Amino acid sequence: MKIHKSAIRPPASERRRWLALVVVCFGQLMIVLDSTIVNVALPSIQRDLHFSQADLTWVVNAYLITYGSLLLLAGRAGDLIGRKRVFLAGVAVFTAASVLSGFAYDPAVLVGARFLQGAGGALSAGVILALIITGFPKPVERAQAMSVFTFVLAGGGSLGLLAGGLLTESINWHWIFFINLPIGVATFIAGAALIDETAGAGLRQRVDVAGSILVTAAMVLGVYAIVTAA
């Protein structure tokens, strides 16, 4: 019995879901990379931009503070206005901030860009888990998707250290940020085409603005205390 090829191909919607998973994993990989890729380049950055030893830590801390403190707010924003929108907005902000970091000409510009980079990373990362869970409702498929995502999380930090060393030694430290431009643009375009939008509750939904501000402020202070004490 001859089976037609189309009979064994997964439906287009099935392939689309797995391609969307690849897209969000690339977004997460880009975010995780930037938490470690800078570490190897710090001596070069200090030398070129004349950072003091005390201020140099802010190249790392600025990113961690905004990233860690805005995750909850990003998740709530995804519930209200749609997770795809928030993910793509985060990728756009992160990519733009990466380019600004690469062009930084003094310490203040670089630290400011790193704050912005962390905010963009939080916007995207804050909705990725929800995108995976809603995209893969079947337990077996969800477990497979989460395994891929976990692998990216686990390997991204080590890959960042390796990439940081290679780019700094072979070109210069600016490229540890410029490398995010092609990845970010590709992720944004592919995400816009492949990720299904989830209907948000809408901004008319009652929002506890004061509570959101207080929680975010508490997160900022908590993350600040952790990263400055480390």
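Count, please, the residues in the range 98-112 that happen to be under 19 Å from Ala54 (Cβ atoms) and either in contact with a strand residue (DSSP E or B) (Cβ under 7 Å, 6 or more places away or on another chain) or crowded, with 19+ Cβ neighbours inside 10 Å (or both).
First, pick out the residues of the range 98-112 that are under 19 Å from Ala54 (Cβ atoms): 104, 106-112.
Those still in the list that are either in contact with a strand residue (DSSP E or B) (Cβ under 7 Å, 6 or more places away or on another chain) or crowded, with 19+ Cβ neighbours inside 10 Å (or both) too: 104, 110-111.
Of the residues in the range 98-112, 3 are under 19 Å from Ala54 (Cβ atoms) and either in contact with a strand residue (DSSP E or B) (Cβ under 7 Å, 6 or more places away or on another chain) or crowded, with 19+ Cβ neighbours inside 10 Å (or both).
Just one of (1) assigned to a helix (DSSP H, G or I); (2) out of contact with any Cys (no Cβ under 7 Å at 6 or more places or on another chain) fails for Val148. It is (2). Inspection of the range 121-142 finds no residue satisfying the criterion of being closer than 18 Å to Leu181 by Cβ and of a type in the set (Lys, Arg). State which residue is farthest from Ala20 (Cα to Cα) when the search covers only the range 191-207 and only residues that are under 21 Å from the mean Cα position of the chain (by Cα) and either at pLDDT 95 or above or surrounded by fewer than 17 Cβ atoms within 10 Å (Cβ to Cβ) (or both). Selected residue: Thr198. Filter the range 46-59 down to the residues that are in a helix (DSSP H, G or I) and without any contact (Cβ under 8 Å) to a residue 60 or more places away in the chain and list them by number. Selection gives Gln46, Arg47, Gln53, Ala54, Asp55, Leu56, Trp58, Val59. Checked against (1) among the hydrophobic types (A, V, I, L, M, F, W, C); (2) modelled with pLDDT of 90 or more; (3) in contact with a Gly (Cβ under 9 Å, 6 or more places away or on another chain), Phe115 passes all but condition (3).
The values are calculated or read from the model by the stated rules, or taken from the named source; none is laboratory data. None of the values given here were measured: they were computed from a predicted structure. All Cβ positions, glycine included, derive from the backbone under ideal geometry; neighbour counts span all protein chains shown.
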